[in-house]
Structures are given as structure tokens and as C-alpha cells.
1. If you only keep lysine pairs separated by 8 or more in sequence, or across chains, how many in the chain come under 18 Å at the Cα atoms?
2. Which value at 222 nm does the chain reach when only helices count, each DSSP H run of 4 or more adding -39,500 (n - 2.57), with the total divided by all residues and rounded to the nearest 500 deg cm²/dmol?
3. Give the accessible surface of the range 267-370 per residue, rounded to a whole number of Å², with probe radius 1.4 Å and ligands, DNA and RNA excluded.
4. Would you mind pulling out the separation of the Cα centroids of the range 259-314 and the range 124-156, in Å?
5. Multiply the residue separation of Arg228 and Arg299 by 0.36 nm, subtract the distance between their alpha-carbon atoms, and state the gained length in nm to one decimal.
6. Considering Cα pairs under 8 angstrom that are at least six residues apart, work out the relative contact order of the range 204-308 and quote it in whole percent.
7. So how do 244-255, 270-281, 324-335 stack up, highest first, on mean other-Cβ count within 10 Å?
8. Could you rank the peptides 345-355, 138-148 by their average count of other C-beta atoms within 10 Å per residue, with the highest value first?
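The values are calculated or read from the model by the stated rules, or taken from the named source; none is laboratory data. Quantities reported herein were computed from a predicted structural model and do not represent experimental measurements. Cβ placement follows ideal geometry from the backbone for every residue including glycine, while neighbour counts extend to all protein chains displayed. Side chains are part of the model used for accessible areas, which takes the heavy atoms of the whole protein and leaves out ligands, DNA and RNA. Shrake-Rupley method; radii C 1.70, N 1.55, O 1.52, S 1.80 Å.
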Amino acid sequence: MADRFDPDGVSATMMAVVTAGQGGFDQLLYRCVRRPLPKNGEVLVHVLAAGVNNTDINTRVGWYASTVTASTAESLQPAGEGSAEAGGWQGATPFPMIQGTDCAGRIAGFGAGVDPGLLGRRVLVRPCMRINGFHDPATRWLAADFDGAFAQFVTVPASEVFVVECDWTDAELASIPCAYGTSENMLHRARVGAGELVLVTGASGGVGSATVQLARRRGARVIAVAARGKHDDLRSIGADRLLDRDADPAEVLGTESVDVVIDNVAGQGFPRLLKALRRGGRYVSSGAIAGPIVSLDMRDLYLKDLTLIGTTAWDEPVFPNLIGYIERNEIRPLVAATYPLCDIAKAQKDFLEKRHVGKLVLIPPSAGQA
């Protein structure tokens, strides 16, 4: 029987990780804070599990500022007060704040105008919110623009929660929103279809392993790029061929051999990826974990009629698609490890070491516990 919560019976406080400001792991403060109250049109979600993502770390260290040119792992110092954007997604991050972009939970309460039938239902929260509708790319992101899921409770618009019926664990569900949403959005924008050859860089990470599965689900053939020690795991989730992360795709596969490149690595390897694309090929990215500054030979772009696609704002079908894939058992996430919420610093350090395959997930204490 699912746990159900009377919002009037839940403590007025909760445990959360508050990110005090830009900086190192010392900015992650596990403390007791006031539980949020749902406003009109909002729901109160009891967080059951919350995934760890690059964006949590990038936001904390100010990596999104234009003054930062290094990879995430090399830029564990704040961007500095002098940076124009102050290191956030859309200007200065509203520190202190509760981060956590991935949220799996149960509806514990609701404000006016919300369907009472949601109470007690297990849900995923769509973290990318298109504030002016799907015709406008403007976004509002959970844990970047307002408090997120590194807490026992979070409030979000009722329009952004999706009831999910499955036998997955809470940790498995929490591995879906950011990684699989980002991946599905890239594949959707690039119009990946059956029979196409797709090259996926950083394939052992959360987004990468999601892309291997989601591309295969579309009937594409997948070449996964990752450290050699992770190849067996990627083969087990559907990769047709594996390349070592230091390999030159154009040299190994041949120039003009790949239909689509899904790349969240970038850095120095970027030019080699364009060499591997066929004429009329598509390159799509939503990140740059090896470094945001790349070298582009414009002749590769225009002589081969390539399309370069950047993706941040999720399109309307993306999240409903994922819910359907889950409920029809068409995908299954890889959860590498779980940690108590209070061990967030260890989880993020392990994340940066990149020894895992799949997702790392944080588990908050149960309601009423510290």
C-alpha cells in the first residue's frame, strides 16, 4: 500500500542540502529548514529519491559563466563576482538555494485548483518548464531557478508532475528526468530514425547511457564511446559497437560514416566528430563536460551540409514519451550507486571521478526523520 501523507500532519520543517553559494563542497550544508507550502496550482512532493547530475555541480561552481573555459572537473572554483552571468544558467543563481534537478516522489499535499486525486500518487517531476508555452524556448528549471529535490519535500507546479505506474525502485525512477529527458530531447530534435548510425560520446554517463537505450529504441544502430573498462556494461544495454574514448572516430570508422553524433563531451575531440559525419549529417549537443571552447573548421560545416543543433529547452512530447517508455518497459536505467542525502559531497566527488556507469542517486530521510 502506498504511503499517504496528510499535509497538515507533516512537520513544518524538513532536512535539506542548502547550497550556500558558489564554491567547493563546503558550500553544501545539510540542515533543517522550513518545509515549503504549495501555492495555488502547486503540489507538495515528498521526495523519495533525487539523482546527481553534472548541472548540479556546474551551477555550484559557476561553470556556466562565459569566463570559464575549462572542463567541469578542472573548474571547481567559483567563477567570481566579476563574471557577467555569475555562473548561472540564466544569470545569477539565487543562492542560497536547494539544488537537485531529478525528483521522484509522492504527492503529499496541494494548493487550490489542483486535482485532489493526485494525493499519494508516485510521480516524476519534469525539471524543464516552458514558462510561456512550447512555442517559446524560454525555460524555468527546477534547482537552477528555484528550490529543487535535495530535500525531503519540494513544491512544483501541478502541470509539471507526471504520475507513473511501474514496478521500478524510487532510485531507478529518479535516474530518469534530467538524463533521459535531455537525451530524448536531443534525439527528437535530431529526428533520429530507424536504421541510422548514431555515435554517442560519453556513453557511460547518465545522459550517454540513456542515449544508447533511447536511440536503440528508435531502431538506430549505436556506436558508444567510453573508457574500455566500461564497454561490457554498454554492450549489455544495446550498444552495437564500442570505441575507446581516446580513439579518433573518423580514423576508426572512416570519414563520412556516421549519420548523427550525440555529443555532450565537446572539448578537443569536437573536430574529429564532424569529420566522421556523413554529408547532411546532424550533430547535437546539450553539454560540454570536456570543455566548452572547441575548434570548428567551417569547411566541414558548409561543404558537408551539416546541421549543428544545440538543445536546452525540452520539446512538448519529450517527457510524456519517457513516461510511456517506462510504463511499457521499453527502457531500464542503470543505477550505479545510492547514497543518503547527507552524503551528497561524497556522491558528487564519486561522480566527478567518472568510474561509474549510469546514475548516482541520493535518498532523503523518510518524512519525519532527520
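1. 6
2. -6000 deg cm²/dmol
3. Using a 1.4 Å probe on heavy atoms only, each residue of the range 267-370 averages 48 Å².
4. So the separation of the two Cα centres works out to 28 Å.
5. Here the answer is 22.3 nm.
6. 20
7. 270-281, 324-335, 244-255
8. 138-148, 345-355
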